[in-house]
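Enquirer: My structure is below; once you've seen it, I'll send some questions.
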Amino acid sequence: MGEASHLNDDVQSAYDGDEGTEQPNIIRDWAEQPYDVTLVVKHGEQFKAHGNILRGTCCFFEKILDGNWKENQDGVIRLEVLSEEIMEAMLRFIYTGTLHVNDVERAMGLIETADYLLFPKLKDVPEHFLEQNLSTSNCVLLNQFAGKYRCEKLLATSRKFIQSNFTSVANTGDFSELSVDEVEEWISSDVINISAEDDVFRIILRWIDYAQEERKEKFPSLFRHVRLAFVSLSCLLNEVVTNDYVKKDELSLNNILEWTNGSPVCCELFRQSPRKSLQEDALVALGGEKTAWCFVPSKNEWFQLPDIPSSVDNPKWLLSFQNSLIAVGLNSTWLEEFPYYDPFVNEWTTSFLPTPQALLEQGIEPEIATVMVVGEDICAIVEDILPIDDDQGQYSYQRTLFKYSPGSEWWTMVPSFHLEPNLKAKYEVCFVASDKCIYVIGGTKVLTDDDEEEEDEYSLQDAARFHITENKWERIACIQRARSSAFGIAVDQKIFIAGGYLLDSGIFASGLERIPSRTCEMYDILTNQWHFIANLTIPRANASMVCVSGTLYVLGGLVKSQNATIVECYNREKNEWTQVTAAPTEVSPCIYKEPSITSACSMSIFLNGDLHSVLPNMDVLMVSEVEELEASMSDDSRSISSASSSM
């Protein structure tokens, strides 16, 4: 048995410490105490320690030193599964609180020791070291290691590392050693990072070829996780249908051949969504009669989508709902078809939603004011103009809210929405959906001068929200500047609104033209406060504000014709709007009359050969100094000078 002197010198040096360094109380208190425990490790090496210090470190030492055990009576604890190096590092940590880890093997040894001795604090430093030293060559091993020894942080980090580098990791020997269940778990994941779905098919073949005789029967259970709808045509024809394993499955082979010939296939192999890494976050814009485009910021490219079905009369709104694109026409009745676009197969499909019973009973077909997605529901606000005084030409707006929930077969009327009194007396309202609420912001109110029989109109500052699930209205803080025909979006517990008209009383009498504003505001839902933020680069009204990957974009609406296709982007950190691209639509010749882009939303798409890149319409003029001057004159000077970056 080896002598137990070398570590005692190290511990003594730790007691002494560097000059001027105060040592922990536990070291000072025990520096002169005699050792009463001997720890015996591999090869008979011995280490001396203090029993009372060991008792306070972990359950293992506490139980063995306080119980009626032989080790306690003899003062000798045999831990021959531990190496000399690991024991020395552990004791240094127990006595000094410091632990130095400089290689993967030592880190793994310390974690194994911590698990064996029920000493969780000993895991922290080596686990962090392994997290920082993950590589393609060791990540599979460390992921399995983390699962075995319950290292939750390392398990999550290694899993994310494998997902992010999946194609490279799948080429390693450690991956080839995985069981079929482990491989199946990885390739069934929605978040593995691959350059193409073709990679998954090749990874399966490579894993089988590693031990072909014993693994070839596992092909069907793995092949079902290949998302064939997103495998390239060249791979399907040259690699998949010619593969011997695939040929043995006649049904799958026939389905693949039908798919490559353009025939519809009712097979689970073709009903999956693409992996997240193959999806692109995109801005989708509606322009022209039946045309829609998508802009992919990561590629700075526009792509044209298939034309909207002819059943949609005068398309007005695009909605992103459960990652499908829904088109709603301005003149739609409740009995018309309800088309939706699947961005992953690049096709429009039609479903039907029956007319709400409440409207059938009234025998009327009110106009659709707006359609939006609120939480997990589609909501439609319909309005009917009701005369108050025909002689005076006074009217009120009867607005009713209907919602459609996934899984239901009809629209249902939401009670209490029509009870908001101020909603009846205004139009050109800005509607914004946020979680389970609909925000109603600003608008225009019409007044009639009884003496002169002249109408006047002015913008409103009031704002409110309707809770759909609770069926109640709630007043919120007024916006900073009264505005009509504004537009906005809800993002991260904030409401952003922009543009619109800043109408003061007397605009009709003065004969002034309506000119949109550039001013923007942000509402903090948590604090119930509005703040001015930076102005748009272009005055707009009735435009679209869209959030793509956390970034706000503004496009379309009523603008000067030469600026109609320009898309603006908001940098929240810099509190700055910039012009980033131009939509590929043609420009309407009517100034402030017909928008070239009528609606926009965001969604994830799958870029394949079916989507064709199109060039942006660069026949537009960026904001000139003259336009800047005109815009500043049309904006409220208080709002411009008060622009705040408060987020």
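Enquirer: Can you classify the range 271-315 as rounded, prolate or oblate using the Cα gyration tensor, where a ≥ b ≥ c are the square roots of its eigenvalues, rounded means a/c under 1.5, and otherwise it's prolate if a/b beats b/c and oblate if not?
Expert: Note, shape of the range 271-315 comes out oblate.
Enquirer: Extension gain Asn261-Asn171, at 0.36 nm per residue separation less the Cα-Cα distance, in nm?
Expert: So the chain would gain 29.1 nm between Asn261 and Asn171.
Enquirer: Separate question: Using a 1.4 Å probe on the protein heavy atoms, what percent of the accessible area of the range 114-252 belongs to carbon and sulfur?
Expert: 49 percent
Enquirer: Okay, moving on. So for each of 414-420, 153-159 I average, over its residues, the number of other beta carbons within 10 Å; can you give me the resulting order with the highest mean first?
Expert: In descending order of packing, they fall as 153-159, 414-420.
Enquirer: Could you check the spin-label model distance between Asn52 and Met413? Points 7 Å from the Cα along Cα→Cβ, value in nm.
Expert: With each label placed 7 Å out from Cα toward Cβ, I get 8.2 nm.
Enquirer: Over what distance in Å are the Cα centres of the range 535-560 and the range 166-204 separated?
Expert: The distance from the Cα centre of the range 535-560 to that of the range 166-204 comes to 42 Å.
Enquirer: Please give the residues of the range 97-127, grouped as numeric ranges, whose backbone N is less than 11 Å from a label point set 7 Å along the Cα-to-Cβ vector of Asn133.
Expert: 101-110, 126-127
Enquirer: Continuing with the same structure: Given the whole protein assembly as supplied and a 1.4 Å probe, what does the accessible area of Trp69 come to in Å², nearest 10?
Expert: Trp69 has an accessible surface of roughly 120 Å² with all protein chains in place.
Enquirer: Classify the range 134-263 as rounded, prolate or oblate from the Cα gyration tensor: take a ≥ b ≥ c as the square roots of its eigenvalues, call it rounded if a/c is under 1.5, otherwise prolate when a/b beats b/c and oblate if not.
Expert: prolate
Enquirer: Now a separate question. Give the ranking of Arg150, Arg215 by solvent-accessible surface, highest area first, calculated with a 1.4 Å probe.
Expert: Order by accessible area, largest first: Arg150, Arg215.
Enquirer: Ok, one more. Which of the residue pairs Lys494/Lys574; Lys48/Lys70; Lys121/Lys160 have a Cα-Cα distance greater than 19 Å in the structure shown?
Expert: Violating the 19 Å limit, Cα to Cα: Lys121/Lys160.
Enquirer: Rounded if a/c is under 1.5, else prolate if a/b is larger than b/c, else oblate: which is the range 458-559, with a ≥ b ≥ c the root eigenvalues of its Cα gyration tensor?
Expert: Because a/c hits 1.5 or more and a/b fails to exceed b/c, the range 458-559 counts as oblate.
Enquirer: Oh, and also: Ranking request for peptides 478-486, 98-106: highest mean number of other beta-carbon atoms within 10 Å first, then the rest in descending order.
Expert: Result, highest mean Cβ count within 10 Å first: 478-486, 98-106.
Enquirer: Based on the Cβ-Cβ distance from Thr527 to Thr469, what FRET efficiency comes out when R0 is 25 Å, to the nearest 0.05?
Expert: Taking R0 as 25 Å, the efficiency between Thr527 and Thr469 is 0.65.
Enquirer: Amide H neighbours of Ser599 under 5 Å, at least 5 residues apart or on other chains, H built in the peptide plane: list them.
Expert: Leu286
Enquirer: Give the peptides 129-139, 58-68, 191-201 in descending order of average Cβ contacts within 10 Å, highest first.
Expert: With the highest mean Cβ count within 10 Å placed first, the list reads 191-201, 129-139, 58-68.
Enquirer: Three principal axis extents, largest first, for the C-alpha atoms of the range 199-304, in Å?
Expert: 58, 29, 21
The values are calculated or read from the model by the stated rules, or taken from the named source; none is laboratory data. In this text, all values refer to a predicted model and were calculated from it rather than measured experimentally. Methodologically, a virtual Cβ is constructed for each residue, glycine included, from the backbone with ideal geometry; neighbour enumeration extends over all protein chains shown. The accessibility values were calculated without ligands, DNA or RNA, using every heavy atom of the protein model including side chains. Shrake-Rupley method; radii C 1.70, N 1.55, O 1.52, S 1.80 Å.
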